[in-house]
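The structure under discussion appears below in the form of structure tokens.
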Amino acid sequence: MLPASRNLPAEVRDLLATLGVADALRPDGALALRSPIDGSILGRVVTDSDADAEAKLARAQAAFLQWRQVPAPQRGELVRLFGLELRSAKAALGRLVSIEVGKVASEGQGEVQEMIDICDFAVGLSRQLHGLTIATERAEHRMMETWHPLGVTGIISAFNFPVAVWAWNAALALVCGNSTVWKPSPRTPLCALATLALLRRAQDRFVAAGGSAPEGLAELLLGGQELAEKLAEHPLVPLVSATGSTAMGRALAPRLAARFARAILELGGNNAAIVCPSADLDLAVRAIAFAAMGTAGQRCTTLRRLFVQAEVYDVLVPRLRAAYRSVPVGDPLSEGTLVGPLIDGQAFAAMQRALAEARAAGGVVHGGERVDAGAADAFYVRPALVEMPAQTEPVCEETFAPILYVMRYDTLDAALALNNAVPQGLSSSIFTNDLRESEAFLSVNGSDCGITNVNIGPSGAEIGGAFGGEKETGGGRESGSDAWKGYMRRATATINYGRSLPLAQGVRFDI
Ligand code: UN1
């Protein structure tokens, strides 16, 4: 049950004041915000018209033209200062994330930690935007590559990671010398406004210390999908990084392709885990519980399909069912809650539809019912574990809710084939203590996903690795490793420091 004394609109007003955006809520705003925790209206925010968006894009372009001249390590200094602001504001921003999207407290805080981590990564990167020097086939020649800033970077983020995903993109884009225009989910404008206020504070400190950081480096577009489409179609935006559903990616990708703009797409996941007979089952139960039920099943990396080898099925599955029965569901701000609300009634309806389809396909559903928290407009559910006879239709779709489809397998080859037999290709994992099984899973014949984990669930990636997946997940890579290259343009230069003019490939053109 939700505590009767809780007054979320009042708390949000206090948090916004602490975070430096006391004016974020405006009675005349077109967009009303409802907290998924108790369904209360938190307030209204003003949205951007097409003309507003044009003005912001022009400002971002002007900012890019200045910012690209600033040496990369100085750009890194701005991101370092932003990381410091995030550290001081972690408690307040994490709490705002929890209230706006219903994440449990530690996950709200964890999201801000993920922003801090990517800032640290980007600061180091600002001195490592290296190009190669390449051996040439011609005497007295040198070949090298230089990475240059690309331009205005459009960032489209989803409700479920309302600030961390922007930070993965923005921290890299900023050290790479780009400006950014962010279109967050219409459910999470407050987190976005607060985040950009913190960046503005960092920018003020940067400028006060003698740095040059133009207005317009980080613009915000608040509103609906017409703004996302605008980013995808606008000639001033050479790159759009978009996180969301596969349907969203399908709407945006052709618009980007039509003008040969770059896309970093991080779309739907339908992530699986394979549990082998040699697995440490204590560890597997804990990992599966977090990956499948954490964030109320609303991560793109959430575990949705579980393949259990026949020998251990009857040991593991009863333990999982017990975990599903006992997991604390309820107020995400209360100590001890592990599963908070779904984002809204539509998510609840989609979950119930998927469960009905699973039943029709012969699935045995445990859990999945609504949990009454004492608020009509809030949607809490007991996570559902569904024993399926086979990987049929409902299992192949991503339903953004805590549903885990469990299936039995005999051979690892069969499990690997099932792992790969869905349209999405984001994350995957195997639980085994057998080296051969783990290597087979990681090999060319193994998982076809962008993330392949051993003895860890598919969710909760660290920022140091490249994040993204294949097939309908969109193929983009964000965050760590060399994902930064997606935010820059590469120039290959061949320099002749001799007096003759040998042509490559031995071609003769003696004039
Ligand atoms: C998402 O759900 O869009 O790996 C991102 C994870 C998080 C990011 C999820 N670090 O689960």
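The values are calculated or read from the model by the stated rules, or taken from the named source; none is laboratory data. In this text the structure is predicted, and so the values were computed from the model without any measurement. Heads up, the Cβs are rebuilt from the backbone with ideal geometry, glycines too, and the neighbour counts pull from every protein chain shown.
Might you check whether a residue that is modelled with pLDDT of 95 or more, closer than 24 Å to Phe400 by Cα and polar (S, T, N, Q) occurs anywhere in the range 306-315? Break it down stepwise before answering.
Initial filter on the range 306-315 (modelled with pLDDT of 95 or more): 306-315.
With the extra rule that they be closer than 24 Å to Phe400 by Cα, the set shrinks to 306-308.
Those left that are additionally polar (S, T, N, Q): none.
No.
Within the group Pro328, Pro383, which residue is free of Cβ contacts under 8 Å to residues at least 24 places away in the same chain, of a type outside the set (A, V, I, L, M) and either over 26 Å from Val101 (Cβ atoms) or touching a Gly at 6+ places or on another chain (Cβ under 7 Å) (or both)?
Details: Pro383 fails: free of Cβ contacts under 8 Å to residues at least 24 places away in the same chain.
Exactly one of Pro328, Pro383 is free of Cβ contacts under 8 Å to residues at least 24 places away in the same chain, of a type outside the set (A, V, I, L, M) and either over 26 Å from Val101 (Cβ atoms) or touching a Gly at 6+ places or on another chain (Cβ under 7 Å) (or both), namely Pro328.
Just wondering, is there one or more residues in the range 195-204 that are in contact with a strand residue (DSSP E or B) (Cβ under 6 Å, 6 or more places away or on another chain) and more than 24 Å from Lys485 (Cβ to Cβ)? Can you show your working first?
Of the residues in the range 195-204, the ones in contact with a strand residue (DSSP E or B) (Cβ under 6 Å, 6 or more places away or on another chain) are 196, 199.
Okay, now just the ones that are also more than 24 Å from Lys485 (Cβ to Cβ), so 196.
Yes: one or more hits.
Looking at the range 284-311, I want the residues that are closer than 21 Å to Ala105 by Cβ and part of a helix (DSSP H, G or I) and have a partner that is more than 12 Å from the ligand (Cβ to nearest atom) and of a type in the set (A, V, I, L, M) with Cβ atoms under 6 Å, at least 6 apart or on another chain. Which pairs are those?
Qualifying pairs under 6 Å: Ala289/Ala323; Ala292/Leu404; Met293/Val327; Met293/Val339; Ala296/Val339; Ala296/Leu342; Gly297/Ala401.
Report whether or not Leu57 is of a type outside the set (D, E, K, R) and either without any contact (Cβ under 8 Å) to a residue 40 or more places away in the chain or within 29 Å of Asp377 (Cβ to Cβ) (or both).
Numbers: of a type outside the set (D, E, K, R): yes; either without any contact (Cβ under 8 Å) to a residue 40 or more places away in the chain or within 29 Å of Asp377 (Cβ to Cβ) (or both): no.
It is false that Leu57 is of a type outside the set (D, E, K, R) and either without any contact (Cβ under 8 Å) to a residue 40 or more places away in the chain or within 29 Å of Asp377 (Cβ to Cβ) (or both).
Across the range 123-165, what is the total count of residues that are within 16 Å of the ligand (Cβ to nearest atom) and not in a loop (DSSP other than H, G, I, E, B)? Reasoning before the result, please.
Step one: of the range 123-165, the residues within 16 Å of the ligand (Cβ to nearest atom) are 155-165.
So of that shortlist, the ones also not in a loop (DSSP other than H, G, I, E, B) come out as 155-156, 164-165.
Selection size over the range 123-165: 4.
Within the range 384-410, work out how many residues are touching a strand residue (DSSP E or B) at 6+ places or on another chain (Cβ under 6 Å) and under 21 Å from Ser326 (Cα atoms).
Residues meeting the conditions: 8.
So which helices (runs of 4 or more DSSP H) are wholly in the range 169-280 and hold at least 1 residues that are surrounded by 20 or more Cβ atoms within 10 Å (Cβ to Cβ) and aromatic (Phe, Trp, Tyr)? Give the derivation first.
Numbers: elements: 189-208, 225-233, 246-258.
Fully inside the range 169-280 and qualifying: 189-208.
Check Ala349, Ala284, Ala296 and return the single one that is more than 16 Å from the ligand (Cβ to nearest atom) and in contact with a strand residue (DSSP E or B) (Cβ under 8 Å, 6 or more places away or on another chain). Explain how you work it out, then say what you get.
On the way: Ala349 fails: in contact with a strand residue (DSSP E or B) (Cβ under 8 Å, 6 or more places away or on another chain); Ala296 fails: more than 16 Å from the ligand (Cβ to nearest atom).
Unique residue meeting the criteria: Ala284.
Among the residues that make up the range 312-329, is at least one of them of a type in the set (Phe, Trp, Tyr) and in a strand (DSSP E or B)? Don't jump to the end; show me each part of the working.
Within the range 312-329, the first condition is being of a type in the set (Phe, Trp, Tyr), and the residues that meet it are 313, 324.
With in a strand (DSSP E or B) added as a condition, the list becomes none.
No - not one qualifying residue is present in the range 312-329.
Among (1) away from the ligand (no atom under 16 Å from the Cβ); (2) among the basic types (Lys, Arg); (3) within 24 Å of Ala55 (Cβ to Cβ), there is one condition Lys183 misses while meeting the rest; what is its number?
(1)
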